[in-house]
Amino acid sequence: MNDVLLMGVDIGTSDSKGVVTTLDGEIVARASRAHDVSMPHPGWAEHDADAVWWDDLCSITRELAAAVEGERVRALGVSGLGPAFLPLDEHDRPLRPAILYGIDTRASAEIDELIGRYGAERVLDRCGGAITSQSVGPKALWVRRHEPETWAHSRRFGMVASYVVLRLTGEYVLDHVSASLCTPLYDIGQRDWIADRADEVAPGLGLPELRWATEPAGVLGRKAADEVGLPPGISVSTGTIDAWAEATSIGVREPGEAMLMYGTALTLVELLSPFRPLSAMWGCAGALPETWSLAGGVTTSGALTKWLRRLVGDVPYETLLDEAAAVEPGAEGLLLLPYFSGERNPFYDPDARGVIAGLSLNHGRGHLYRAVLEGTAMGARHMLEALADAGHVPTRMVAVGGGSRHPLWPQVVSDVSGVAQQLPAETVGASYGDAWLGGVAAGLLDPQSDWSQIVATVEPDPARHELYEELYRFFRELYPATADVVHDLARHARTT
């Protein structure tokens, strides 16, 4: 078995990553691709499933296979951004670009309609989470109402993992994490679709078979094998959403453990047992069998650092981080609300917008970059407080993702929140978890195996935490103080 390799590929919001590992978790090859999000109208966020999801997958797998002798790869695991809604025709071809997760806020009217139809409390009790812009149900209803010709030809739907798995294996399957974000169509207690609601919200749409992320979807077909550069017949896992794959990659698997993922969004996932819904967060199944989780996201996090870097001339991130590190906590009076694409947790407001308060002529790009890091850190603290208020205090927090590689951002988050974060040796993230999930699904790895290795812990600095206490109070006051104006501006942008 020493020559056996595993491959994992994750298709993210703004880039895709892949790795090849040995059975003991050593990474022997890496590849990545950058791509853009299409935003054709205010509040919309889309991906072309073939040009982004499938092409990235094929490009990455072929590069990796060439680097390691592809015939040694025995299992492939996949994950991606999510949830998303991609309508497919009778031949499983995309009918329109995929509507992305909560950063796409077009379905506000459909959200209100479904809440009115099923009741907020009843949905929370049965589905585990509220109906918001994160939910798939309103997105499907939006397509049905606004694009009736598309809906007339819709026979199935895909998310990232389920769509690429369908093309790889011919199997129409979806993992329980992804299904549990299809609110109000999934019963969190029964772990199954709610057939009557599906008939009402998405009539005629065939729903996929549900499996756990550790289960195989099928084997790689011959046609797909030629496209991805891998041997036909290898095992392909069911796949899942990136944050849950990332949590498995760093050993977050026991109730009470939590992951903070520094990506395009800042995503928090805490594992639970038993499950208790919380309206401020998404209640979901877990990636591993018979597990549950609460999750939430600061919608624009890494997306904000990318936005600011572009504004200041694409200078290296290291330069911006060094300049931000040279600025004192509080960014000399700057305070940022990171709601540039609305916000999802711990409150739902698709019309929230970014606010930068306290600007003066003395501020430079280092001050702005630090304000971005501090604003997203305060968003993370807001989610952690919502969990704590409901009795969910993480027993340990592990940080992962691209933003965790430089020491500044995790330190700011710990200083603001007062919570320590463990740092793993390997921060490549979801694709690493995909390789592990693929190995488990293929029967090549013990489900109890663990590749994670913690190498450092970020402790909050008491003096900086005390300083941030006052700034956090300002942060919480700034949103209600500006909400009416930014809501008017959001509505104005949609009509101009």
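The values are calculated or read from the model by the stated rules, or taken from the named source; none is laboratory data. Since the model is a prediction, treat every value here as computed from it, not as a measurement. Quick reminder, even Gly has a Cβ in these numbers, built from the backbone with ideal geometry, and neighbours come from all protein chains shown. Note: accessible area is taken over every heavy atom of the protein model, side chains too, but ligands, DNA and RNA are not part of it. Shrake-Rupley method; radii C 1.70, N 1.55, O 1.52, S 1.80 Å.
At an R0 of 41 angstrom, the distance between the Cβ atoms of residue 357 and residue 24 translates into a FRET efficiency of 0.25. If you take mean projected area of the Cα convex hull in nm² from the coordinates, which of [x] 21.7; [y] 30.5; [z] 27.1 do you get? Here mean projected area of the Cα convex hull in nm² agrees with entry [x].
Please sort by residue number the trypsin sites (Lys or Arg not before Pro) in region 393-496 whose DSSP state is loop and whose Cβ has at most 16 other Cβ atoms within 10 Å. Before the final figure, lay out each step's value.
Values: sites: 396, 405, 464, 473, 476, 491, 494; in loops: 405.
Those that pass, being in a loop and sparsely packed, are 405.
Comparing 75, 403, 496 along the charge dipole axis of the chain, the residue lying farthest to the positive side is 496, per the Cβ-charge model. Think of it as helices only: each DSSP H run of n ≥ 4 in the chain is worth -39500 (n - 2.57), and spread over all residues that comes to -11500 deg cm²/dmol at 222 nm.
Can you give the net charge of the other residues whose Cβ lies under 15 Å from the Cβ of residue 482, counting K and R as +1 and D and E as -1?
-3
Only Lys, Arg, Asp and Glu carry charge here, each on its Cβ (+1 for the first two, -1 for the last two); on that basis region 194-254 has a dipole of about 240 debye about its Cα centre.
Once you order the gyration tensor axes a ≥ b ≥ c over the Cα atoms, which shape class does region 395-442 get: rounded for a/c under 1.5, otherwise prolate or oblate by comparing a/b with b/c? In terms of gyration-tensor shape, prolate.
Using 0.36 nm times the number of residues separating residue 457 and residue 209, minus their current alpha carbon distance, what extension gain do you get? Full extension from residue 457 to residue 209 adds 85.2 nm. Straight-line reach from residue 306: taking Cα to Cα under 26 Å and skipping same-chain neighbours fewer than 8 places apart, the lysines in range are 17.
Nothing charged except the Cβ atoms of Lys and Arg (+1) and of Asp and Glu (-1): what's the magnitude of the dipole of the chain about its Cα centre? Round to the nearest 20 debye.
Values: 40 positive and 67 negative charges, 133 e Å.
In total the dipole reaches around 640 debye.
Once R0 is set to 35 Å, what does the formula 1/(1 + (r/R0)^6) return for the Cβ-Cβ distance between residue 276 and residue 72, expressed as a FRET efficiency to the nearest 0.05? Walk me through the numbers on the way to the answer.
Values: r = 45 Å, r/R0 = 1.28.
The calculated FRET efficiency here is 0.20.
Rolling a 1.4 Å probe over the protein heavy atoms of the chain, with every protein chain left in place, gives an accessible area that is 50 percent carbon and sulfur.
Note down the magnitude of the dipole of region 1-148 about its Cα centre, charges +1 on Lys and Arg C-beta and -1 on Asp and Glu C-beta and zero elsewhere, to the nearest 20 debye. It would help to have the intermediate numbers written out before the result.
Numbers: 15 positive and 24 negative charges, 74 e Å.
Dipole size: approximately 360 debye.
Solvent-accessible surface of region 1-117, averaged per residue with a 1.4 angstrom probe and all protein chains in place: 38 square angstrom. Modelled this way, with points 7 Å down the Cα-to-C-beta line, the labels at residue 117 and residue 4 are 4.7 nm from one another.
With a ≥ b ≥ c the root eigenvalues of the C-alpha gyration tensor of region 171-244, is it rounded (a/c under 1.5), prolate (a/b larger than b/c) or oblate?
Details: a/c = 2.99, a/b = 1.98, b/c = 1.51.
In terms of gyration-tensor shape, prolate.
Among the trypsin sites (Lys or Arg not before Pro) within region 82-183, those in coil by DSSP and having at most 16 neighbouring Cβ atoms inside 10 Å are 155. What does DSSP give for the chain in terms of the percent of beta bridges that are antiparallel, rounded to the nearest 5? Expressed as a percentage, antiparallel bridges in the chain total about 70.
For residue 19, what charge total do you get from the other residues with a beta carbon under 11 Å from its beta carbon, if Lys and Arg give +1 and Asp and Glu give -1? Display every interim value, and only then the final one.
Numbers: positive: 17, 30; negative: 10, 26, 426, 434.
It works out to a net charge of -2.
Spin-label pair residue 488-residue 90: with each label point 7 Å from Cα along the Cα-Cβ axis, the two points sit 5.3 nm from one another. Each other residue within a Cβ distance under 11 Å of residue 35 adds +1 if Lys or Arg and -1 if Asp or Glu, for a net charge of -4.
Full-extension gain between residue 50 and residue 319, please, as 0.36 nm times their residue separation minus the C-alpha to C-alpha distance.
On the way: separation 269, 0.36 × 269 = 96.84 nm, distance 3.53 nm.
Contour length minus the Cα-Cα distance gives 93.3 nm.
The residues of region 393-432 expose on average 28 square angstrom of accessible surface per residue, using a 1.4 Å probe on protein heavy atoms.
Placing unit charges on the Cβ atoms of the charged side chains and taking the dipole of region 377-496 about its Cα centre, the candidate lying farthest along the positive direction among 451, 435, 422 is 435.
I need the shape label for region 455-495. Rule: rounded when a/c is under 1.5, else prolate if a/b > b/c, else oblate, with a, b, c from the alpha carbon gyration tensor. If you can, show how the numbers build up before the last one.
Details: a/c = 7.80, a/b = 2.33, b/c = 3.34.
In terms of gyration-tensor shape, oblate.
Considering only GluC sites (Glu not before Pro) in DSSP loops that have at most 12 other Cβ atoms within 10 Å, the longest stretch of the chain without any of them is 291-496.
Along the axis of the charge dipole computed for the chain (Cβ charges of +1 for Lys and Arg, -1 for Asp and Glu, origin at the Cα centre), the listed residues 18, 307, 371 are led at the positive end by 307.
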